[in-house]
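Take a look at the structure set out below.
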């Protein structure tokens, strides 16, 4: 089965692919702006706590379900369902995750399209195409539609190549490039006036706001969004993992890399905001609220790069190339969720399924672009703050309440025979059964009541 479906060829390949799925615009675009909007260091602490104590256990649940099932999300969940009602529930959770992944990719592709156009803008300026550079840097319907479609096409081309030659191969190339550019930009920004003030805002917390309910909702949504939870993505990636691998350590590596890059991205974006503010760019309103959260990086950073003279063109290109790479490593996982289901459920060739699903998502993206003011924020809220935590909670319920404990232990022991003697096995089953559903449910309930 795995030979037909495809499988990651190495431990490093999986870690790069799963970390690539987790490390995307959610880390480099979403996390810093969420941090700036929700009290700086207080949000950072809440995010770190929730990522390790709620998101990691949920990630492990999804990876274990996927590797045990060796199939798409719906089929994998059905394989651990003993009764008819459980199989119906499995379809709802699995297919709900697939739909969630598709809708996330539909708005994600729009933002990634902005990144692509911002990457090309300094190139156009360097070669003297000033009118083109102006067009690339301004919001317009034609530009947004064009670059959204280009980004979706790039994602389709990678996914159509399969697991090893597509997802794994490109993740191994893109992730190291992302890290190299990120650290180089941090080194530069830290030499500028205002950077230290931004660093203090990012790292010194105001503990009075750390238990604010809205802050916790945002932090939990960010943790689930950045780790691609509740979208069936990690169930799919889990199904491509060899049964010889230790899932406990693999999940820990992915979580650590995701959290680390989100933290490092904050070291770039937050100080860059204060550097831009020192140069006269308006970042916060009179009441202290962040201005233009969704498009912050497209307003603050270009202004920062403009103040650097000719060097700013090259640094601007490097930054938005970084953002485009981060977007691509995540988008390929989002498209894989519906593609794998279509291939296995309807026996469609991967190439045909990829282009068909990609075309449907592109259509949804174009509808959102044409109604940006009313649909863009709505789709983000429904998918990342409601659907993802809720679907992640349901995966925890599957592992904690539906999957027999003895069968679950056998699934984890593959690749880790002595796991039953570890602290992980002594804590994780009951933690996933009781603590995760209750904690996620309370935060989710508050978000609805608010």
Those residues of the stretch 182-212 which are more than 12 Å from residue 38 (Cα to Cα) and surrounded by 16 or more Cβ atoms within 10 Å (Cβ to Cβ), in sequence order: 182, 185, 186, 188, 189, 190, 192, 194, 195, 197, 198, 199
Within the stretch 181-248, helices (runs of 4 or more DSSP H) holding 1 or more residues that are over 23 Å from the mean Cα position of the chain (by Cα) and touching a residue at least 24 places away in the same chain (Cβ under 8 Å): 195-203
Given (1) modelled with pLDDT of 90 or more; (2) within 22 Å of residue 231 (Cα to Cα), index of the condition residue 160 fails: (1)
Test: residue in the stretch 56-71 that is touching a strand residue (DSSP E or B) at 6+ places or on another chain (Cβ under 6 Å), assigned to a helix (DSSP H, G or I) and either modelled with pLDDT of 80 or more or surrounded by fewer than 22 Cβ atoms within 10 Å (Cβ to Cβ) (or both): no
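A quick yes/no check of all residues on (1) more than 25 Å from the chain's Cα centre (by Cα); (2) closer than 20 Å to residue 239 by Cβ; (3) touching a residue at least 24 places away in the same chain (Cβ under 8 Å):
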site	(1), (2), (3)
389	no, no, yes
398	no, yes, yes
410	yes, yes, no
413	yes, yes, no
416	yes, yes, yes
421	yes, no, no
426	yes, no, no
434	yes, no, yes
Breaking point among (1) in a helix (DSSP H, G or I); (2) in contact with a helix residue (DSSP H, G or I) (Cβ under 8 Å, 6 or more places away or on another chain), for residue 415: (1)
Residue 256 being at pLDDT 85 or above, under 15 Å from the mean Cα position of the chain (by Cα) and either over 23 Å from residue 397 (Cα atoms) or crowded, with 21+ Cβ neighbours inside 10 Å (or both): yes
Filtered residue count, the stretch 367-387, keeping only those that are touching a residue at least 40 places away in the same chain (Cβ under 8 Å) and closer than 19 Å to residue 145 by Cα: 8
Residue count, the stretch 71-83 (criterion: closer than 24 Å to residue 347 by Cα and without any contact (Cβ under 8 Å) to a residue 40 or more places away in the chain): 2
Members of the stretch 120-133 found to be more than 17 Å from residue 309 (Cα to Cα) and part of a helix (DSSP H, G or I), listed by number: 120, 131, 132
Sole residue being under 30 Å from residue 443 (Cβ atoms), buried (at least 18 other Cβ atoms within 10 Å of the Cβ) and within 22 Å of the chain's Cα centre (by Cα), chosen from 325, 382, 361: 361
Qualifying positions in the stretch 344-353 - farther than 17 Å from residue 78 by Cα and without any contact (Cβ under 8 Å) to a residue 12 or more places away in the chain: 347, 348, 349, 352
Residue match in the stretch 369-376 (condition: closer than 22 Å to residue 224 by Cβ, in contact with a helix residue (DSSP H, G or I) (Cβ under 8 Å, 6 or more places away or on another chain) and part of a helix (DSSP H, G or I)): yes
Flag for residue 275 being modelled with pLDDT under 80, part of a helix (DSSP H, G or I) and surrounded by 17 or more Cβ atoms within 10 Å (Cβ to Cβ): no
Conditions (1) more than 30 Å from residue 52 (Cα to Cα); (2) modelled with pLDDT under 75; (3) assigned to a helix (DSSP H, G or I); number of the one not met by residue 167: (1)
In the stretch 140-163, residue surrounded by the most Cβ atoms within 10 Å (Cβ to Cβ) [restricted to those that are free of Cβ contacts under 8 Å to residues at least 24 places away in the same chain and closer than 18 Å to residue 372 by Cα]: 140
Qualifying residue in the stretch 43-51 (condition: surrounded by fewer than 24 Cβ atoms within 10 Å (Cβ to Cβ), farther than 28 Å from residue 239 by Cα, at pLDDT below 85 and over 14 Å from the mean Cα position of the chain (by Cα)): no
Checking residue 76 against (1) touching a helix residue (DSSP H, G or I) at 6+ places or on another chain (Cβ under 7 Å); (2) in a helix (DSSP H, G or I); (3) surrounded by fewer than 24 Cβ atoms within 10 Å (Cβ to Cβ), the condition it does not meet: (3)
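The values are calculated or read from the model by the stated rules, or taken from the named source; none is laboratory data. On a predicted model such as this, the values are computed, not experimentally measured, just so you know. Here Cβ is always computed from backbone atoms with ideal geometry, including for glycine, and neighbour counts include all displayed protein chains.
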